[in-house]
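Asks: Before anything else, here's the structure in question.
FYI, it's all coordinate maths here, none of it is from the lab. On a predicted model such as this, the values are computed, not experimentally measured, just so you know. Cβ placement follows ideal geometry from the backbone for every residue including glycine, while neighbour counts extend to all protein chains displayed.
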Amino acid sequence: MAFVPFESITYETKLEYGEIISRIQKIAGPRSMFRLLRSKSAKPYEGAVQDNCFVLNREVTFTNLFTPIMMGEIIKEEDKTKIDVKFRLHLLVRIVMLIWLIAVTVILANDIIKIITNNGPGQNLFTAILVLVIGYAAMTGAFKAESKKEKEHLAELFGVELK
């Protein structure tokens with residue numbers, strides 16, 4: 001799904017591998033299936049660290065569908081440690097947006113076919129284009145805004161500056 005927004009970044013830090021793991025564990029609580037039924041955790045993120053990989057997402061008290069899921073890999077090198085992080089939309093959000101965008105595209109294609117074959121004026125053409133553009137821009141814009149915040153939080157956590 002190439003049209004779905006995602007980002008990746010590599011942090012390079014002088015922190016030791018164990019210190020990075022420790023810092024991630026300090027900010028991340030366990031994942032919960034039902035956020036609305038539980039009280040807010042004292043930790044700002046939920047997720048897990050396993051071996052040299054981690055999965056995190058920010059714990060929010062409101063529903064923000066575009067908060068990215070962060071999947072990272074910690075790579076120890078001689079004089080530094082690299083942390084490769086990928087930011088993606090939640091799978092459920094990707095599926096819902098895909099269905100929604102396909103539905104709007106079908107309406108758009110139907111109107112274009114009507115115009116080409118002279119079977120009608122294509123009444124929904126402008127609305128379908130507008131809904132498609134606004135929907136995609138809202139999804140991408142909200143994701144980019146949220147991932148920018150998360151990049152800054154992770155940079156602070158890993159003791160590096162963003163360029």
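Asks: Which angle between 0 and 90 degrees, to the nearest 10, do you get for helix 125-158 versus the longest principal axis of the chain when only C-alpha atoms count?
Replies: 0 degrees
Asks: What longest range of the chain stays clear of loop-exposed GluC sites (Glu not before Pro) (DSSP non-H/G/I/E/B, at most 13 other C-beta within 10 angstrom)?
Replies: The reported range is 79-160.
Asks: I would also like to ask the following. On a 0 to 90 degree scale, rounded to 10, what angle separates helix 17-27 from the longest Cα axis of the chain?
Replies: That helix lies at roughly 60 degrees to the long axis.
Asks: So, one more: Cβ under 12 Å from Glu150's Cβ, Glu150 left aside: what net charge do those residues give with Lys, Arg +1 and Asp, Glu -1?
Replies: Values: positive: Arg58, Lys86, Arg88, Lys144, Lys148, Lys149, Lys151; negative: Glu7, Glu146, Glu152, Glu156.
Net charge in that neighbourhood comes out at +3.
Asks: Would you mind calculating the gained length between Asn118 and Lys76 on full extension (0.36 nm times residue separation, minus the Cα-Cα distance), in nm to one decimal?
Replies: Working: separation 42, 0.36 × 42 = 15.12 nm, distance 6.41 nm.
So the chain would gain 8.7 nm between Asn118 and Lys76.
Asks: Using only helices, what value at 222 nm comes out for the chain when you add -39,500 (n - 2.57) per DSSP H run of length 4 or more and divide by the total residues, to the nearest 500 deg cm²/dmol? List each step's numbers first, then the result.
Replies: Working: 3 runs with 71 residues, N = 163.
Rounded to the nearest 500, it is -15500 deg cm²/dmol.
Asks: Given [x] 19.1; [y] 12.2; [z] 21.0, which label gives mean projected area of the Cα convex hull in nm² as computed from the coordinates?
Replies: Recomputing mean projected area of the Cα convex hull in nm² here picks out [y].
Asks: In debye to the nearest 20, how big a dipole does the chain give about its Cα centre with +1 on each Lys and Arg Cβ and -1 on each Asp and Glu Cβ?
Replies: Details: 21 positive and 18 negative charges, 115 e Å.
The calculation lands at about 560 debye.
Asks: Pop the C-beta distance of Lys26 and Ala137 into the FRET formula with R0 = 30 Å and round what comes out to the nearest 0.05.
Replies: The calculated FRET efficiency here is 0.25.
Asks: What's the angle, to the nearest 10 degrees (0 to 90), between helix 91-116's Cα axis and the longest principal axis of the chain?
Replies: So the inclination is approximately 20 degrees.
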